[in-house]
Amino acid sequence: MAKLFFIRHGQTEANVAGILTGTLETNLTNKGIEDAKKLSLSLTDKFDFYYCSPLKRTHQTLIAIKGNVEFIVDERLTEVFSGYWQGKFKYELPKDEYELYKKGLLNPPGGEELQDVDKRINSFLNDMFSKYKKDDKILIVTHNAFIRNLKRLFIDSDKVVEPKNLEVFIVNDDMYNQIIKK
């Protein structure tokens with residue numbers, strides 16, 4: 001069965017500074033690169049295809065994990081546009097509102113609606129499971145909000161926590177077919 005390996009990018013300069021990056025560009029830190037190289041040791045599967053968001057931190061992560069492989073850039077994998085919060089230090093944000101946002105219960109003010117992220121996820125999953133064969137393995141490097149919303153499709157929303165840098169979440173045909181039937 002087709003298997004999709006979703007990975008959140010490695011640690012970035014903005015992560016260390018405590019900045020909510022959203023769709024702004026930021027580079028991986030040396031730690032982010034080294035941690036991604038370590039992750040490669042446990043990702044022993046042979047991957048057939050690679051995908052990244054358009055943001056360079058995902059490209060840097062994939063290169064640290066797998067070297068200079070060819071990959072497909074897909075806009076649907078990008079981080080949520082965080083509106084007025086984008087580029088601000090997290091400590092500057094209203095704490096209660098930011099906590100609701102992380103739980104998927106509040107859209108970022110002036111930003112992309114989380115329901116639109118869900119639409120991007122569903123569109124991407126539909127394409128992947130209709131395009132690829134049952135034994136294909138696809139490595140996908142994406143972002144916090146994308147993986148957080150993705151996990152909500154498959155896990156009880158109350159149990160979903162913010163994904164750590166380089167966290168891996170695997171989706172296969174069986175899981176996908178279960179959510180289609182809902």
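The values are calculated or read from the model by the stated rules, or taken from the named source; none is laboratory data. All values derive from a computational prediction rather than experimental measurement. When we count neighbours, we look across all protein chains shown, and the Cβ atoms used for this are built from the backbone with ideal geometry, even at glycine. Protein only, heavy atoms only, side chains kept; ligands, DNA and RNA dropped before computing areas. Shrake-Rupley method; radii C 1.70, N 1.55, O 1.52, S 1.80 Å.
The overall shape of segment 95-174 is prolate: from the C-alpha gyration tensor, with semi-axes ordered a ≥ b ≥ c, the ratio a/c is 1.5 or greater and a/b exceeds b/c.
Ellipsoid fit via the Cα gyration tensor, the chain: semi-axes of 25, 21, 13 Å, each the root of five times an eigenvalue, largest first.
Each label was represented as a point 7 Å from its Cα along the Cα-to-Cβ direction; for F47 and F89 these points are 3.5 nm apart. Given a 1.4 angstrom probe, I'd like the percentage of the accessible area of the chain that is carbon and sulfur, rounded to a whole number. Taking all protein chains in place, the chain shows 51 percent carbon and sulfur surface. Taking every protein chain into account, the 1.4 Å probe leaves S157 with about 60 Å² of accessible area, to the nearest ten. With protein chains left intact and a 1.4 Å probe, residues in segment 7-48 average 50 Å² of accessible area per residue.
Here the contact order of segment 1-80, divided by its residue count and restricted to Cα pairs under 8 Å and six or more residues apart, works out to 33 percent. 3J(HN,Hα) along segment 97-110: 5, 5, 5, 5, 4, 5, 8, x, 9, 8, 7, x, x, x Hz, from the Karplus curve 6.51 cos²θ - 1.76 cosθ + 1.60 with θ = phi - 60°, whole Hz, x for Gly and Pro.
Quick one: Karplus J couplings for segment 159-176, per residue in order, coefficients 6.51, -1.76, 1.60, θ = phi - 60°, nearest Hz, x for Gly and Pro? My calculation for segment 159-176 gives 9, 7, 10, 4, x, 6, 4, 6, 5, 10, 10, 9, 10, 10, 3, 4, 4, 4 Hz in order. Placing a pseudo-label 7 Å from each Cα along the Cα-to-Cβ vector at V161 and E25 gives an inter-label distance of 3.4 nm. The modelled label-to-label distance for the pair D116/F154, using points 7 Å beyond Cα in the direction of Cβ, is 2.6 nm.
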